[in-house]
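In what follows, a single structure is set out as structure tokens and then discussed.
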Amino acid sequence: MPIALKKAYLSLRLARRSAGRLVLLLSLGVLAALGTLPSAQAHEPATPRGWLLLAVDRLCGAGPLSGIEAEMQLPGAWLLEENARGPAGQTVSLEQIFALPGNGELRLRRLQPGGQLRRFTAEYHERTDAQARPVLQAIAGSDCQVFAGRRLIHEAGRPVTLEQLEGDLESLRWRETLQAPWPEGRDPGGPRVALVDSGLAYDLPLYRDRLARDPEGRPLGYDFWDLDPLPYDGDFGRSAFQPIRHGSAVASVLVREAPTAALIPYRYPRPDMTRLGALVERAAAAGARILAMPLGSRDPEDWTAFAEALEAHPQLLAVVSAGNDGRDLDKAPLWPAALDLPTLVVVTSADGFGRLAPGSNWGSDSVDLMVPAENLPVVDFRGASGRASGSSYAVPRVAALAARLLAADPDLDTAALKAALFARAVPSPYEGDAVAVGWIPDPTAD
């Protein structure tokens, strides 16, 4: 396009921002009548893969282009949203969303800390009446070469499979399950422990006979994120293509250290944390005595409904994580650790010598216990063995200890159960007043 016409085109696109879509349509009509605007339809990529490869090819190496400049490189695209982050005069992160011809949506993210490109991702989403559904992602490195991709397979409006792809966005590396039916099995009996996390890969053989079930044999868990009875492991808050799979690894510690406990998995309600009240009610109705919650936030309002429900059900002992921000919670609180409730136990991670783990939170008033929770053996959502660390993994160790205490004496009320836990603690030889009660050197010792 000649420079003068390009400038005219850009000015008309800018006018669109203030005068609305009608101005753009008229402008495009004028340019098309002059014979200077190529037909967008004739140059549109035909597939999600085509759009992603075009975006990487034209935009990755070009520097952080404004939405208008980017539109010039994407025929038929229409900028919906743009968000640039970074200090004055420097773009560290640029996110852009474009509507595409038909029912497509293109989402781009450019990461360039210090002005140096580190990662460029492009995502194709399919627009429906209610939302944009993620379909395909391309991931390019600093050389602007696509080295990996991810594809979501949907059934009945929800993702059920995540495919890891090669850089050609076609060749399959492996598949991950995002949804599965409950397995057949039997209720193990014993104390019931409700685990509130990103969900559980309950189709693993490890959990088949560890799930609490109703008299008809149906497992008792629930998904408070999607509001359905299948709380499969996956936190999509960060990215639909890169879910966090946390709950399965945490659960593997719990079922190993409490072999007679019955597990009730709940997927936490990130879209609406007020649902935590209903979650506590459901756990109480299911006969849970222990609530294991390796999660938290900086917003106390997230936990109002939870606190009210927990107060209404004193038979539940809630074991919660102190978090891993390297902070003193007495001075910089997090929730639910900051809640002043008699049925709450706040735990953090130490090493095997009683030293606070690097990055784990503490508080001489806010945090009750330290337990060794570093480099623990875990089983992830695939069934693969590995190691994990942090205060999240202190939660299942203390919850498992509580479950074993209940198995030995089912008549313990919550106050007595909490006292029995605290009786296991001794002063740390290193940390002094890092926590209120003390350090449990070996939570598996009975």
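Among the residues making up the range 225-244, those that are surrounded by 15 or more Cβ atoms within 10 Å (Cβ to Cβ) and assigned to a loop (DSSP other than H, G, I, E, B) are Trp225, Asp226, Leu230, Pro231, Tyr232, Asp233, Gly234, Phe236, Ser239, Ala240, Phe241, Pro243.
I'd like to check something: does the range 420-443 contain any residue that is within 22 Å of the chain's Cα centre (by Cα), without any contact (Cβ under 8 Å) to a residue 40 or more places away in the chain and in the same structural domain as Pro358 (by TED's automatic domain parsing)? Within the range 420-443, not a single residue is within 22 Å of the chain's Cα centre (by Cα), without any contact (Cβ under 8 Å) to a residue 40 or more places away in the chain and in the same structural domain as Pro358 (by TED's automatic domain parsing). When every residue of the range 413-423 is checked against the conditions, at least one turns out to be in a loop (DSSP other than H, G, I, E, B) and not basic (Lys, Arg). Considering the conditions (1) modelled with pLDDT of 50 or more; (2) part of a helix (DSSP H, G or I), Arg17 is excluded by exactly one of them, (1).
To keep it simple, each residue is scored yes or no on (1) touching a Ser or Thr at 6+ places or on another chain (Cβ under 6 Å); (2) within 23 Å of Thr260 (Cα to Cα); (3) among the aromatic types (Phe, Trp, Tyr).
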| position | (1), (2), (3) |
| --- | --- |
| Arg382 | no, no, no |
| Tyr393 | no, yes, yes |
| Pro396 | no, yes, no |
| Ala408 | no, yes, no |
| Leu417 | no, yes, no |
| Thr444 | no, yes, no |
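The strands (runs of 3 or more DSSP E) found entirely in the range 131-208 that carry 1 or more residues being touching a helix residue (DSSP H, G or I) at 6+ places or on another chain (Cβ under 9 Å) and closer than 18 Å to Phe241 by Cα are 132-140, 146-155.
For the range 84-114, a residue qualifies if it is aliphatic (A, V, I, L, M) and farther than 19 Å from Phe241 by Cβ, and the qualifying residues are Ala84, Ala88, Val92, Ala99. Applying the criterion of being loosely packed, with under 14 Cβ neighbours inside 10 Å and of a type in the set (D, E, K, R) to the residues of the range 79-95, the residue that is modelled with the highest pLDDT is Glu81. Return a yes/no flag: does the range 67-85 have any residue that is over 30 Å from Trp174 (Cα atoms), small (Gly, Ala, Ser) and assigned to a loop (DSSP other than H, G, I, E, B). Yes - at least one qualifying residue is present in the range 67-85. When Phe98, Phe120 are checked against the criterion of being crowded, with 20+ Cβ neighbours inside 10 Å, assigned to a strand (DSSP E or B), of a type outside the set (S, T, N, Q) and more than 23 Å from the chain's Cα centre (by Cα), Phe98 stands alone in meeting it. Only a single criterion out of (1) at pLDDT 95 or above; (2) farther than 30 Å from Arg151 by Cβ is not satisfied by Arg186, namely (1). For Val319, indicate whether it is at pLDDT 95 or above, surrounded by 20 or more Cβ atoms within 10 Å (Cβ to Cβ), assigned by TED's automatic domain parsing to the domain that holds Gly221 and closer than 23 Å to Ala261 by Cβ. Yes. The number of residues in the range 257-290 being in contact (Cβ under 8 Å) with a residue 40 or more places away in the chain and either outside any strand (DSSP E or B) or more than 20 Å from the chain's Cα centre (by Cα) (or both) comes to 21.
Considered as a group, the residues in the range 223-270 that are under 20 Å from Glu163 (Cβ atoms) and of a type in the set (D, E, K, R) include one that is modelled with the lowest pLDDT, and that residue is Arg238. Comparison of Ala194, Ala240 shows that the only residue that is touching a residue at least 40 places away in the same chain (Cβ under 8 Å) and within 14 Å of the chain's Cα centre (by Cα) is Ala240. Looking at Ala384, Ala332, Ala322, Ala337, just one residue is without any contact (Cβ under 8 Å) to a residue 24 or more places away in the chain, within 20 Å of Glu431 (Cα to Cα) and small (Gly, Ala, Ser), and that residue is Ala332. The conditions are (1) part of a loop (DSSP other than H, G, I, E, B); (2) in contact (Cβ under 8 Å) with a residue 24 or more places away in the chain, and Ala249 fails exactly one of them. Which is it? Failing condition for Ala249: (1).
The values are calculated or read from the model by the stated rules, or taken from the named source; none is laboratory data. Note that the structure is a prediction, hence the values are computed from the model and not measured. Positions of Cβ are backbone-derived with ideal geometry, glycine not excepted, and every protein chain shown enters the neighbour counts.
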